[in-house]
Amino acid sequence: MERKVVVVVAVSVAAVACGMAAAAVGWRVRKRREWKKAVRVVREVEEECETSVERLRQVVDAMAVEMHAGLASEGGSKLKMLLTHVHNLPNGSERGTYYALDLEGTYFRVLRVHLNGQQSAILEHEVELQTIPQHLLTSTSKDFFDFIASSLKEFVEKEGDDSELSVARRKELGFTFSFPIKQISVCSGILITWTKGFSIVDMVRKDVPACLQEALVQKGLDLRVAALVNDTVGTLALGHYHDADTVAAIVIGTSTNACYLERTDAIIKCQGLLTTSRSMVVNMEWGNFWSSHLPRTSYDIDLNAESPNPNDQGFEKMISGMYLGDIVRRIILKMSLESDILGHISSKFSMPFILSTPMIAAMHEDDSPNLREVERILKDILEVPDVPLKVRKLMMKVCGIVTRRAARLAAAGIVGILKKIGRDGSGGITGGRRSDMKMRRTVVAIEGGLYSNYTLFREYLHEALHEILGEDIAKHVILKVTEDGSGIGTALLAASHSSNNVDRI
């Protein structure tokens, strides 16, 4: 009897053990299957985001073609190719004290820059930041510019009377106005519409600098608005001040744009304008560039459809800091829906833009052995605790795929500009190289946190630039980081377009 009991117990234990073993095997099989699903999603994204040199060169050609079309006629291209009427870029010979007003959103900055006429020597600059009261965002143009003029007067009057560089000189102001305008001249432009929460109705279709100038006169301030520009043109001005070989400027941060120096005779749509200058800065508004050669994914399509401006700013939505984090979020969400590698899906996954680009940079560049920064962001931001190391590595790879595509496309855009002006070694020939061309030293000023602060983005961009151009040409192309084009650069444009410098010009 006892032997039967022992046998029964043994059989039961064996059955339980077998059951547990089978369950463990089943669990491992399920986990392996879920892992493969997640990996498949990442592999598909990687293939869709592929930016081979051949594809990048197609983007280069498309950019150059669109630039030609945009210069030929208004509305001829997705690229607006706006005329800035800036003919005189600062060259380092400017002397005196100049001011800048940088109005970018619900705040503005005022700057004073002292120049002594020696290239690369900005003696000093001072900055003040002012918040615009909320009620003025929907007030009248008079109330709005009265407030701006009062702040400017207070700032200007802080300057000491012993400034040698200011004696007997009329004060000049550069004005950065980051809203849609139709530029009429270097110092005048008509407001097309307000953005960023502004709604000062009576200012629409008015000359913005003229409104500011009137307010300055009423405040008794002898300060002339010498230049109206956007931040990208300011970046080009600052780059050219320090290096005369600077021919283009790129801003790539939260948003992105580009401008460059174009031959006046190549701007067909400006023929008839009274100008004796051989060149003019063109504001491309390249965020709106589009081509069928861009490697677009279903995640880009969904992001575009859900954005406030569907079918606009297509290039910007693929390369700028505003959108990279959300593309990563969408990919991770897809992985989580198709597999259970992250377990319970937090509601945070469905919140647009909860992942910022600085966060994906931190995950992508996490060099700790256990990827602690990846773990922290997944836990604190997306509310996913206890993520296994191999899953963290997969998240890091997603960040890399999205960032690499963005950087390489930005590089293609830069080469597209160089091709248009014959600085890519091809002499402007689509799809070819000229062996008889002597390549000139070519500098591109570049500004923005995505490039300056995200090391791997910057490395991917440089790598692509060399691949597209080839080493022999790439060694002549220099990307130079600038800081504060919208402030210091704008003050420099006031100097280069100053009435005090008319004789020199």
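The values are calculated or read from the model by the stated rules, or taken from the named source; none is laboratory data. Nothing here was measured: the structure is a model prediction, and the numbers come from that model. Neighbour counts are summed over all protein chains in view; Cβ atoms, including those assigned to glycine, are modelled from backbone coordinates with ideal geometry. Ligands, DNA and RNA are excluded from the accessible area calculation, which covers all protein heavy atoms including side chains. Shrake-Rupley method; radii C 1.70, N 1.55, O 1.52, S 1.80 Å.
Placing a label point 7 Å from the Cα of residue 462 along the Cα-to-Cβ line, the residues of segment 49-70 whose backbone N sits under 20 Å from it are 53. Using the average count of surrounding beta-carbon atoms within 10 Å as a protection proxy, the listed peptides 451-460, 319-328 rank, highest first, as 319-328, 451-460.
Averaged over residues, the count of other Cβ atoms within 10 Å places the peptides 302-310, 490-498 in the sequence 490-498, 302-310, highest first. Across all directions, the average projected area of the convex hull around the alpha carbons of the chain is 31.2 nm². Give me the percent relative contact order of the chain, please, defined on Cα pairs under 8 angstrom at least 6 residues apart. The value is 22 percent. Working from label points 7 Å from Cα in the Cα-to-Cβ sense, the residue 194 to residue 337 distance is 3.8 nm.
With all protein chains in place and a 1.4 Å probe, the accessible surface of the chain carries 53 percent carbon and sulfur. Between residue 127 and residue 54, full extension at 0.36 nm per residue minus the direct alpha carbon distance yields a gain of 21.7 nm.
Computed with every protein chain present, the accessible area of residue 263 is close to 130 Å² [probe 1.4 Å]. Do any of 182/219; 206/317; 36/397; 348/393; 158/182 go past 23 Å between their Cα atoms, and which? From 182/219; 206/317; 36/397; 348/393; 158/182, over 23 Å: 182/219; 206/317; 158/182. Sorted on the mean count of surrounding Cβ atoms within 10 Å across their residues, most packed first, peptides 372-379, 84-91, 350-357, 399-406 read 399-406, 84-91, 372-379, 350-357. Entry comment: accessible area of segment 167-317 is 41 Å² per residue, from protein heavy atoms only and a probe of 1.4 Å. One decimal place: the segment residue 39-residue 142 gains 31.1 nm when fully extended, by the rule 0.36 nm per residue minus the C-alpha distance. Could you pull out every one of the lysines with an alpha carbon less than 28 Å from that of residue 475, ignoring same-chain neighbours closer than 8 positions? Correct list for residue 475: 419, 420, 438. Estimated purely from DSSP H runs of n ≥ 4, each contributing -39500 (n - 2.57), the mean residue ellipticity at 222 nm for the chain is -14000 deg cm²/dmol once divided by its residues.
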